Amino acid sequence: MADKRDIIVVGGGIIGASIAWHLVQAGATVRLVTEKAAGVATPTSFAWINASWGNPEPYFRLRTRSMAEWTRLAREVPGVPLAWCGGLCWDLPREELLAFAREHARWGYDIRQVSGDEVRQIEPAVKDAPDLALHVRQEGAAEPVAAAMALIERAQARGLAVLEGVTVTGLESRAGRMHGVRTADGVMTADTVVAASGVNTPELAATLGITVPVEGPPGLIVHSKPVPKMLNGLVLATELHVRQTHDGRIIAGSDFGGTDPGNDPLGAAEELFAKLRAFLTGGEALEMEFHTVGYRPTPKDGFPILGEAGG
């Protein structure tokens, strides 16, 4: 049955864009209210799609299901750029790496141990291959801004209203029921409000006395100028996570969440980029085009926060 509710989605990043698209598909009347299309955190994302380490099994199952959903989404929205390019990993001590491989293989993850020679075959540009790594063929990456914009544009064609440049300052309720959102221009009413505003979600929810335990650690990622193909997939090496984007940029952080930039983001970016250049054969020719510092919405317990707020 089509969902006929009037719904406001706050936040135009990849999460808000996906929610808006799926709600429009379900038949709802949807307004996407955002300061900026494609959001704030989304353009600073490493955009690794995986079900890798750190999982209790139920969360692993959710993440593998999510990987399948990305394939469905790219089929339904052809403008979503998605590559199942595979991932190489040796960013754990040897025993932890082996334990991770055994556990995830037992759960059905397509993960296998590879030797240094195989690492060099998979990623010839990596200078110093380890003697042991893990390879997962089914991992991949999306281009986050392009994906978010494709979802928004396709949803607009089906009736989504996008209100860009609007700052939501709070949520409104009347008689104990959701009423809408508060902006500088007044209150916008709705049957339901979805808070998909990243690190701003806790402040937004607090206006109704709702606690959302999310932190926003900073993450620095460096972006090279576009170059011909150097990398075939994701490389998760010790203290350096690297991939090449669809437009040819090599992007890197000290991990997929980025590097803490400290008090000198430019200095930290230059230091990180020097590591990247030393990591790849031909890396000395790389030039840094820009760096980003994002504040990654991170639930305190490490798991997604989904569903309706109680009451």
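The values are calculated or read from the model by the stated rules, or taken from the named source; none is laboratory data. Since this is a predicted model, take the numbers as computed values, not measurements. Every residue, glycine as well, gets a Cβ built from its backbone with ideal geometry; the counts of neighbours run over all protein chains shown. Keep in mind that these areas ignore ligands, DNA and RNA; they rest on the heavy atoms of the full protein, side chains included. Shrake-Rupley method; radii C 1.70, N 1.55, O 1.52, S 1.80 Å.
Key figures
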quantity: Set Leu231, Leu220: member being closer than 25 Å to Ser254 by Cα, outside any loop (DSSP other than H, G, I, E, B) and either in contact (Cβ under 8 Å) with a residue 60 or more places away in the chain or hydrophobic (A, V, I, L, M, F, W, C) (or both); calculated: Leu220
quantity: Residues (closer than 30 Å to Gly233 by Cα, touching a strand residue (DSSP E or B) at 6+ places or on another chain (Cβ under 7 Å) and surrounded by fewer than 22 Cβ atoms within 10 Å (Cβ to Cβ)) located in the stretch 1-35; calculated: Ile19
quantity: Residue match in the stretch 285-300 (condition: touching an Asp or Glu at 6+ places or on another chain (Cβ under 9 Å) and farther than 30 Å from Ala205 by Cβ); calculated: yes
quantity: Checking Ala28 against (1) closer than 23 Å to Gly294 by Cα; (2) over 21 Å from the mean Cα position of the chain (by Cα), the condition it does not meet; calculated: (1)
quantity: Residue in the stretch 252-266 that is out of contact with any strand residue (DSSP E or B) (no Cβ under 9 Å at 6 or more places or on another chain) and within 24 Å of Gly87 (Cβ to Cβ) present; calculated: no
quantity: Thr64 vs. criteria under 23 Å from the mean Cα position of the chain (by Cα), at pLDDT below 95 and not small (Gly, Ala, Ser); calculated: no
quantity: Cβ-Cβ under 8 Å pairs, at least 6 apart or on other chains, the stretch 293-308 side in contact (Cβ under 8 Å) with a residue 40 or more places away in the chain and charged (D, E, K, R), far side open to solvent by less than 80 Å² (accessible area, probe 1.4 Å) and in a loop (DSSP other than H, G, I, E, B); calculated: Arg296/Ala41; Arg296/Ser45; Arg296/Gly216; Arg296/Pro217; Arg296/Gly257; Arg296/Gly258; Lys300/Pro213; Asp301/Pro213
quantity: Residues located in the stretch 100-122, provided they are of a type in the set (Asp, Glu) and more than 26 Å from the chain's Cα centre (by Cα); calculated: Asp117, Glu118
quantity: Filter result for the condition that a residue is assigned to a strand (DSSP E or B) and either open to solvent by 30 Å² or more (accessible area, probe 1.4 Å) or among the polar types (S, T, N, Q) (or both), over Leu208, Leu134, Leu171, Leu163; calculated: Leu163
